[in-house]
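The values are calculated or read from the model by the stated rules, or taken from the named source; none is laboratory data. Quick caveat, the model's predicted, so the values are computed rather than measured. Cβ placement follows ideal geometry from the backbone for every residue including glycine, while neighbour counts extend to all protein chains displayed. In case anyone asks, the SASA skips ligands and DNA or RNA and just uses the protein heavy atoms, side chains included. Shrake-Rupley method; radii C 1.70, N 1.55, O 1.52, S 1.80 Å.
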Amino acid sequence: MAAGKGKNMATGPDFASETLAWAAEAGQIAKGWLLSPAAWSQFGLLALAYLAARIIAARLGPVLRRLLAPGGKTGLLPTLRGFALRFVALVLPVLAYGLTAMGEEVTRSLFGSGDVIAFGKRVFLFLAARIFVREVLTDSFLRLLGRYVLIPAMALYALGLLDDLSLRLEETVVELGNIRFSAMALLRGLIAGSLLFWAGSWSNRQSADYIKRQEELRPATRELAVKAVEVMIFGAAFLLLMSIMGIDLTAV
């Protein structure tokens, strides 16, 4: 553990200098974009893609809402339709991303470059992530996770910093006795663990409700079955989490 901390402290100034170097490089790239006719053509394609996506979404959105509206009905199919209805909000950024991807192929074939339009694609994905968290997710825990994990990650991806940050976290090693894992594995484990145990809690509640409705079983049998299912669900979640983090269970 001490070795991991030492490495983090030693790389602090390096990280600051790399950040300044990245900022200077970003400034040079932005200046090059402003002075490049090819870049301006890509900006124009981005604007056209967004405008076309807005027009298509304005026409397609109401149609999808009418088709997917549950209409006050209950049951599995209306529930699924209501769930799908929340994704209509993503039509605009997804369309913009798709049209931009087609525009990227055109610009790369004509100019041999597509950096500006590739950046635009990443921005549209960032916007889709924001809409997904704000309008699609309804569970408070998932929305919190989306706000503080998904959106920052997509912002870093849009700026082209996600790969560099991931590499730095992979290179930072944490040691706990005989167990060694990277900081990236720890972060990945925290995120995956949160999702796994949220899913486990939901599955456990559904299973417990189902078992308790089985009137033919004795109360003691129902309680035993509920506990057994709970152990199985969270045990499987723990093993899957250890696998995701890359921890060798034989060391445990």
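Counting only C-alpha contacts under 8 Å and six or more residues apart, can you give the relative contact order of the range 139-252 as a whole percent? If you can, show how the numbers build up before the last one.
Numbers: 70 pairs, mean separation 30.4, N = 114.
That works out to 27 percent.
Looking at the square roots a ≥ b ≥ c of the eigenvalues of the Cα gyration tensor of the range 145-252, which shape do they give, rounded for a/c under 1.5, prolate if a/b is larger than b/c, or oblate? Let's see the in-between values first.
Working: a/c = 5.75, a/b = 1.92, b/c = 2.99.
Here the range 145-252 falls in the oblate category.
Round to a whole number: what % of the accessible area of the range 200-243 belongs to carbon and sulfur, probe 1.4 Å? Write down the numbers at each step before the final one.
Details: 2000 of 3170 Å².
After summing per-atom areas, the C and S share lands at 63 percent.
For the charge dipole of the range 81-219, defined by +1 on Lys and Arg C-beta atoms and -1 on Asp and Glu C-beta atoms about the Cα centroid, which residue among G200, V116, L162 has the Cα displaced farthest towards the positive pole?
Among G200, V116, L162, the one farthest towards the positive end of the dipole of the range 81-219 is G200.
Rounded to the nearest 10 Å², what accessible area does M154 show when all protein chains are kept and the probe is 1.4 Å?
40 Å²
Students often check this: by mean Cβ neighbours within 10 Å, which of 86-94, 216-224 ranks highest, and how do the rest follow?
Values: 86-94: 17.8, 216-224: 11.2.
Ranking, from highest mean packing down: 86-94, 216-224.
What is the spin-label model distance, in nm, from S194 to L142 if the labels are put 7 Å beyond Cα along the C-beta direction?
Computed distance between label sites S194 and L142 equals 1.4 nm.
Can you give the charge dipole size of the range 124-252 about its Cα centre, rounded to the nearest 20 debye, using +1 on the beta carbon of Lys and Arg and -1 on the beta carbon of Asp and Glu?
Numbers: 13 positive and 13 negative charges, 85 e Å.
Dipole about the Cα centre, nearest 20: 400 debye.
Given that compact globular proteins tend to follow 2.2 N^0.38 Å, what is the ratio of the alpha-carbon Rg of the range 49-138 to that value?
Details: Rg = 16.1 Å, N = 90, 2.2 N^0.38 = 12.2 Å.
That works out to 1.33 for the range 49-138.
Return the whole-Å distance between the Cα centroid of the range 164-239 and the Cα centroid of the range 63-137.
The distance from the Cα centre of the range 164-239 to that of the range 63-137 comes to 31 Å.
Below 8 Å, C-alpha to C-alpha, sequence gap of six or more: please give me the relative contact order for the range 39-181 in percent. All intermediate terms of the calculation are to be shown ahead of the outcome.
Numbers: 116 pairs, mean separation 31.9, N = 143.
Reported relative contact order: 22 percent.
Would you work out if the range 88-130 is rounded, prolate or oblate? Take a ≥ b ≥ c from the square roots of the eigenvalues of the alpha-carbon gyration tensor; rounded if a/c is under 1.5, else prolate when a/b is larger than b/c, oblate otherwise. Present the calculation step by step, with values, prior to reporting the outcome.
On the way: a/c = 5.81, a/b = 2.14, b/c = 2.72.
In terms of gyration-tensor shape, oblate.
Students sometimes get this wrong: rank D139, D163 by accessible area, probe 1.4 Å, all chains present, largest first. It would help to have the intermediate numbers written out before the result.
On the way: D139 55, D163 120 Å².
Ranked from most to least accessible, the order is D163, D139.
Work through the residues other than A101 whose Cβ is under 13 Å from its Cβ and net out their charges, Lys, Arg +1 and Asp, Glu -1.
Values: positive: R108, K121, R122; negative: E104, E105.
Net charge around A101: +1.
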